[in-house]
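Everything on this sheet refers to the single structure shown next.
The values are calculated or read from the model by the stated rules, or taken from the named source; none is laboratory data. Computed from a prediction, not measured in an experiment: that's the story for all the values here. Please note: Cβ atoms are built from the backbone with ideal geometry, for glycine as well, and neighbour counts cover all protein chains shown.
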Amino acid sequence: MTVIAVVETSNVIVLGFVASLCASAGTAVGSLGVMFISSLSRKLEDGLLSVAAGIMLAATFFSLLLPGLEYAGLQHGEVLAVGIVSAGLLLGAVTLFSIHQHAPHEHFQLGREGAEATELSRIWLFVIAITLHNFPEGMAVGVGFAGGELSNGLSLALGIGLQNVPEGLAVAVALLSVGYEKTQAMLFAALTGLVEPIGGLLGAVAVSSAAALMPWALAFAAGAMLFIISDEIIPETHSAGNKSLATFSLLGGFVIMMILDAVIG
Ligand SMILES: [Zn+2]
């Protein structure tokens, strides 16, 4: 009762922004771990990132695509709804693909030489990848809240916040491994999360100014996340021979998000 009243009286844009800011705190919490752990085995890193990917994967279905189909259905009928959500999803994936094509990470590799520099550029590539992918995550949270359905926004913010923890830890530990100080590594890792409230603000603003954008924005965020999971996280976590571990960790993450969605949503 009170919760519903709060949503009605408060500005959904502020709510979306604050929620995505809260979700990004997960990155900071994870990066704090670098104070206690100075290295992650490749196995543990692959497992942790796969859990994160599983949470993201389930979030695309339960918190983005299903509500997207529902909104579009109410606005345009079921047939057109599927078309809109499919188009939005592909648009999100293609957009992320072209950002990746033009992202600075290729220049990092071209501009440096030697084994040490290669390792350094590999780490920065990873940091950039995590930073980039926090954008659609933040957008998803912002859009989730802007729709006015508190439970959907809440489970999204929680799920995204949760999967930011292992991501933040992985980034901080990776930076530590290439010679950054613990506090520097922690700070940089926490900063990668701050892309999230920017995405959150943009998503919330877009949807609040035009309700028709809602299913498009939800599907777009889903497509962007699916692209990152398939193009970035799965190949990375499978590349060192930890395939089964990565697969089952991903499934574990999926189940965690599904439970979160069922309990809150
Ligand atoms: Zn993520």
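Of all residue pairs spaced 6 or more apart or on separate chains, those with beta-carbon atoms under 7 Å, a first member in region 157-175 that is within 18 Å of Ser121 (Cα to Cα) and a second member that is among the charged types (D, E, K, R) are Ala170/Glu45.
Say whether the condition of being in contact with a His (Cβ under 9 Å, 6 or more places away or on another chain) and at negative phi is met by at least one residue in region 139-149. For region 139-149, residues in contact with a His (Cβ under 9 Å, 6 or more places away or on another chain) and at negative phi: absent. Taking the listed residues Val79, Val141, the one that is modelled with pLDDT of 85 or more and surrounded by 14 or more Cβ atoms within 10 Å (Cβ to Cβ) is Val141, with no other qualifying.
Evaluate the following for Leu250: is it more than 14 Å from the chain's Cα centre (by Cα), within 13 Å of the ligand (Cβ to nearest atom) and in contact (Cβ under 8 Å) with a residue 24 or more places away in the chain? Yes. Residues that are surrounded by 22 or more Cβ atoms within 10 Å (Cβ to Cβ) and either more than 16 Å from the ligand (Cβ to nearest atom) or within 14 Å of Val143 (Cβ to Cβ) (or both) within region 48-66 comprise Ala59, Thr60, Ser63, Leu64, Leu65, listed in sequence order.
Return a yes/no flag: does region 224-235 have any residue that is without any contact (Cβ under 8 Å) to a residue 40 or more places away in the chain, over 29 Å from Tyr71 (Cβ atoms) and of a type outside the set (A, V, I, L, M). Yes: region 224-235 contains one or more residues that are without any contact (Cβ under 8 Å) to a residue 40 or more places away in the chain, over 29 Å from Tyr71 (Cβ atoms) and of a type outside the set (A, V, I, L, M).
Listed by position, the helices (runs of 4 or more DSSP H) contained in region 122-224 that have at least 1 residues being within 13 Å of the chain's Cα centre (by Cα) and of a type in the set (Gly, Ala, Ser) are 150-177, 195-209. Among all residues of region 152-159, there is at least one that is buried (at least 24 other Cβ atoms within 10 Å of the Cβ), within 16 Å of Ile264 (Cα to Cα), small (Gly, Ala, Ser) and within 12 Å of the ligand (Cβ to nearest atom).
Scanning region 235-257 for residues that are assigned to a helix (DSSP H, G or I) and surrounded by 19 or more Cβ atoms within 10 Å (Cβ to Cβ) returns Thr237, Ala246, Ser249, Leu250, Gly253, Phe254, Met257. For region 40-56, the criterion of being out of contact with any helix residue (DSSP H, G or I) (no Cβ under 6 Å at 6 or more places or on another chain), assigned to a helix (DSSP H, G or I) and of a type in the set (Asp, Glu) is met by no residue.
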